[in-house]
1. Using the Karplus curve 6.51 cos²θ - 1.76 cosθ + 1.60 with θ = phi - 60°, work out ³J(HN,Hα) for each residue of segment 170-175 in order, rounded to whole Hz, and write x for Gly and Pro.
2. Provide the per-residue ³J(HN,Hα) series for segment 129-141, in order, calculated from phi with Karplus coefficients 6.51, -1.76, 1.60 and θ = phi - 60°, each as a whole number of Hz, with x at glycine and proline positions.
3. Using the Karplus curve 6.51 cos²θ - 1.76 cosθ + 1.60 with θ = phi - 60°, work out ³J(HN,Hα) for each residue of segment 145-161 in order, rounded to whole Hz, and write x for Gly and Pro.
4. If you take the square roots of the eigenvalues of the alpha-carbon gyration tensor of segment 42-111 and sort them as a ≥ b ≥ c, do you get rounded (a/c under 1.5), prolate (a/b over b/c) or oblate?
5. Provide the net charge surrounding residue 68, with neighbours chosen by a C-beta distance below 12 Å and charges set as Lys +1, Arg +1, Asp -1, Glu -1.
6. Measuring from label point to label point, each 7 Å out along Cα→Cβ, what is the residue 154 to residue 84 span in nm?
7. Taking loop as defined by DSSP and a crowding limit of 14 other beta carbons within 10 Å, which trypsin sites (Lys or Arg not before Pro) in segment 161-196 fit?
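Throughout, read-outs are computed from the coordinates displayed, never taken from laboratory work. Since the structure is predicted, the reported quantities are computational estimates derived from the model, not experimental observations. In this analysis, Cβ positions are derived from the backbone assuming ideal geometry, glycine residues included, and neighbour counts consider all displayed protein chains.
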Amino acid sequence: MSANQFNKNTVSIRLMSGGHSFSSAEISELAKEHNSIVAEIITPKITLVPEVMFDASRLAEYLAFVGLAPAHDEVAVCSHGVADKVAVMAMSKECYSHLALTFGANVSFSSPLIKGHAPKQGALLELVGDVLYLRIFNGDMLFGEAIHVANDADLLFMLESVNRVYNIYNMHVRAQGDIARLTKCCKHLFNDLECE
């Protein structure tokens, strides 16, 4: 058997905070077609850890340290290192168990907070459901947060709070995800907003 026959395509899926965006049946169906999976976890319960300081045995501690400890029905997982950072996030324990049972060691995790092109300078906004991912760059990442925004007022408040510190309204900002909601709420705030 050649390496190509053994290593089928890897599929990426996006799991919302509760792990309910894919049913167990859909996950099992994916397992028939692919032998590995990258699950992108959408949650405000995430922190970035410098890769040189990362210890996989301390995942829950990293989240607890920033006030985002996993709930009793959650488990802490991590991404692979990206740009010298590891994303540590909480996800549904039930969903994690099903993924681990179905894919074994062939499941990995990711987050919009570390995914995609990182510009030399400017900001990236991605709104997915009620989670706003905001990253600010000046040579390297200066700021990276996942913020729960239950409504448009929360979204505007968070952007204004970040602008007071980083002056993001005057940066080149790329927006992704729920572009309709982002532009409705804040298209007049930014001097240079690019929607993808």
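1. Working through the residues one at a time gives 9, 9, 6, 10, 9, 10 Hz.
2. Ordered by residue, 3J(HN,Hα) equals x, 10, 10, 9, 9, 10, 10, 10, 10, 8, x, 9, 6 Hz.
3. Values, residue by residue: 9, 10, 10, 6, 10, 5, 8, 5, 5, 4, 4, 5, 4, 5, 5, 5, 4 Hz.
4. Working: a/c = 1.97, a/b = 1.23, b/c = 1.60.
Since a/c reaches 1.5 but b/c is at least a/b, the shape of segment 42-111 is classed as oblate.
5. Spelling it out: positives minus negatives among the neighbours equals -2.
6. Going by the 7 Å Cα→Cβ label model, 3.3 nm.
7. Loop-located and lightly packed - 187.
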